[in-house]
1. Enter the accessible area of residue 79 (Å², nearest 10), with the probe set to 1.4 Å and all protein chains included.
2. By accessible area of protein heavy atoms, probe 1.4 Å, what ranking do 66, 137 get, highest first?
3. Probe radius 1.4 Å, ligands and nucleic acids left out: which of 194, 75, 25, 41 has the largest accessible area, and how do the rest follow?
4. Would you mind giving the three semi-axes, in whole Å and largest first, of the ellipsoid equivalent to the stretch 10-124 according to its Cα gyration tensor?
5. Over the stretch 34-192, what is the relative contact order in whole percent, taking alpha-carbon pairs under 8 Å and six or more residues apart?
6. What distance in nm separates the simple spin-label points at residue 154 and residue 7, each placed 7 Å from Cα in the Cβ direction?
7. Go through 34, 128 and list them by solvent-accessible area, largest first, probe radius 1.4 Å.
8. If I take R0 = 30 Å and measure r between the Cβ atoms of residue 135 and residue 25 in this structure, what FRET efficiency does the formula 1/(1 + (r/R0)^6) give, to the nearest 0.05?
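The values are calculated or read from the model by the stated rules, or taken from the named source; none is laboratory data. What you see is a predicted model; the values in this text were computed from it and never measured. Note that each Cβ is placed from the backbone with ideal geometry, even for glycine, and that neighbours are counted across all protein chains shown. The area values use the complete protein model at the heavy-atom level, side chains included, leaving out ligands, DNA and RNA. Shrake-Rupley method; radii C 1.70, N 1.55, O 1.52, S 1.80 Å.
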Amino acid sequence: MTSVITAPDGVPRCPWGMESEKMADYRTYHDTEWGLPVHGDDALFERMSLEAFQSGLSWITILRRREGFRAAFADFRIEAVARFTEADAERLLTDPRIVRNRAKIHAVINNARVAAGLAPGELDRVIWSYAPERAARPAPRTLADVAPVTPESTALAKDLKKRGFRFVGPTTAYATMQACGLVNDHLADCHVRDAVEAAAVG
């Protein structure tokens, strides 16, 4: 069981956002992005895509390549990625700025095409419809209290797959929910938790 860690800067954080030279990327992401509400079809498509690429890897691997991913995938603009061709997929397989995984690259292009077929704002509405009731979820005190899969993420994954999305299993769906603020999994004593909660209900 791992609770918050008070780093050398005196600030209590979730253990993965700890203060250290090697983890500065994580610290900034933890303190300024993770768990804050994300809305907008393109923005959510980006988070879904990056979480899909993270599958089987450390998140820091993706985080440190995020700008490269954005450049390679047209800033994750759904309409633009939906127009990618097989030649684009082959080009991406040679791009050192990203994780070069054929199945994941094809999944992102496929998902853009599926998302492009939805009405404006529909992807946002679908994803956020699976946000659980916040008051019913107690604040986790340790990492052991944070499950990798929930009934809501399982239902979201099923819905997305039914629509034709790929690489959106329950674990990836829950990671997206965590990153985009559908849930607040900052630990109870983490200095960011209250700000995230306020942003969600504000």
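1. Roll a 1.4 Å probe over it and residue 79 shows about 110 Å².
2. On the way: 66 35, 137 70 Å².
Descending accessible area places them as 137, 66.
3. Values: 194 120, 75 95, 25 65, 41 35 Å².
Result, largest first: 194, 75, 25, 41.
4. Numbers: eigenvalues 151, 65, 19 Å².
Over the Cα atoms of the stretch 10-124, the ellipsoid semi-axes are 28, 18, 10 Å.
5. Working: 192 pairs, mean separation 52.7, N = 159.
Rounded, it is 33 percent for the stretch 34-192.
6. The two pseudo-label positions are separated by 3.5 nm.
7. Numbers: 34 30, 128 55 Å².
Largest accessible area first, the list is 128, 34.
8. Working: r = 33 Å, r/R0 = 1.09.
After rounding, the FRET efficiency stands at 0.35.
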